Amino acid sequence: MPPLRELLRPPAHRGPLIAAGAVLLTVGLALEEIRLRTSLAGGVHLAILAFAAAALLALALQARSEGGRPPAFQSVLLVCGLLLAGAALLRLADVLGADLSSGVPAATATWTALALAGLALWPAVAKGSSIAALIGALAVGIAALSLVRWVTGADSATTYRWLLALAALAYATVSVLLRGPAPRHAEQMVNAAGLAILAIALSGLVGAVLGLLSPFAGSPDLLPNGWELVVLFAGCGLVAYGAVDRAPGPAYLGVLNLLAFIVVAGASDGPTLLYWPLALLLLGAGAMAAGLRPRSPLPPEPDAYHSGSVPLAARSDDEVVVQVRDDSPPRP
């Protein structure tokens, strides 16, 4: 029988099959947790989730890189393993006495999110996994929000919108720092920033949907104009980033942010073009008109330099200039 280490390091051509099985296993365990949540003891749930998460993460960490990049099936294994690890951490909190019947307490959310961030950032650095970096970054953001709730007890939506905006700014800063040494990680930090802004939009999206569907609803101030502007600019910036860098993730998140902006801004005012519709129509038409304006004729090209008359400042670096000094006596 081969040793356990060899079993956890299968040949590369079996990776996709193992990853497909990991997805089905994760979905099956999620259904098991829902249907048997009251039929099994908390310790049994914890053992099942912890064992499955450890097995998937061990398989993922044993995979060899392909040309310096983690293979695709490794990313699938990491995502499944980290999701199960997060569920196992919540089960551990339940076993330790946390009351999860009415939601996750702020203290529990803080330490479990930090533990998950540690688990995710390890393969992000050791294996160069960008998807693990995204999960770790999001876990750090959740831990920060939960810590503020735990320490201050704040429950105002404005407070958490500001925290999400600061988190998006921090993710964007990290993305700029990683753009040179780790471009794939930098792209995932942009995705994290887009998700943080999308969370701001979602804080008013539920009320917007209810307002649009209900014929008796008024026009609630779902997001103040300043936050609507943040969502709009972030959506346009994400779409532009995705187009320039050909990165589908930020582009999709930009579209989602713009759709959320449309729903929220559309439900916050009555049947009028003031102010967002009129401003956007004018800006869009002006930008298109600027791009479609007639082109002015270009100035004529300068005359080519004649051989031997090229100034020194215009000469290429590889052009050799030889100066000859004549020390012979002057001729009579």
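Miscellaneous remarks
- Dipole of the range 32-168, positive direction: furthest Cα of Ala47, Leu61, Leu82, with charges on the beta-carbon: Leu61
- Between Ala41 and Asn225, the modelled label-to-label distance comes to 6.2 nm, taking each label 7 Å out from Cα in the direction of the beta carbon.
- Centre-to-centre, using Cα atoms only, the range 12-65 and the range 73-104 are separated by 11 Å.
- Couplings 3J(HN,Hα) of the range 86-97, computed from phi: x, 5, 5, 5, 5, 5, 4, 4, 5, 5, 6, x Hz, in residue order, whole Hz [Karplus 6.51 cos²θ - 1.76 cosθ + 1.60, θ = phi - 60°; x for Gly and Pro].
- Over the range 31-125, the pair-distance histogram of Cα-Cα distances with 10 Å bins from zero comes to 15, 43, 29, 11, 2 percent, rounded to whole numbers.
- In Hz, Karplus ³J(HN,Hα) per residue of the range 276-289 (6.51, -1.76, 1.60; θ = phi - 60°; x = Gly, Pro): 4, x, 5, 5, 6, 4, 5, 5, x, 5, x, 5, 5, 5
- Close amide-amide hydrogen proximity is noted between Ala154 and no other residue 5 or more places distant or on a separate chain, at a cut-off under 5 Å (H modeled in the peptide plane; Pro and chain starts excluded).
- Tail fraction, Cα-Cα pairs, the range 53-98, threshold 18 Å, whole percent: 39 percent
- A Förster radius of 51 Å, combined with the Cβ-Cβ distance separating Ala289 from Arg14, puts the computed FRET efficiency at roughly 0.35.
- At R0 = 22 Å, FRET efficiency that the Cβ-Cβ distance of Arg64 and Val27 yields, to 0.05: 0.25
- Full-stretch length increase - Leu280, Phe233 - with 0.36 nm per residue and alpha-carbon distance subtracted: 15.7 nm
- Subtracting the Cα-Cα distance of Ser156 and Ala106 from their residue separation scaled by 0.36 nm leaves 16.5 nm.
- In Hz, Karplus ³J(HN,Hα) per residue of the range 43-49 (6.51, -1.76, 1.60; θ = phi - 60°; x = Gly, Pro): x, 5, 4, 4, 5, 5, 5
Every number in this text was worked out from the coordinates using simple rules, so none of it is lab data. Please read all numbers here as calculations on a predicted model, not as lab measurements. Cβ atoms come from the backbone with ideal geometry, glycine included; neighbour counts cover every protein chain shown.
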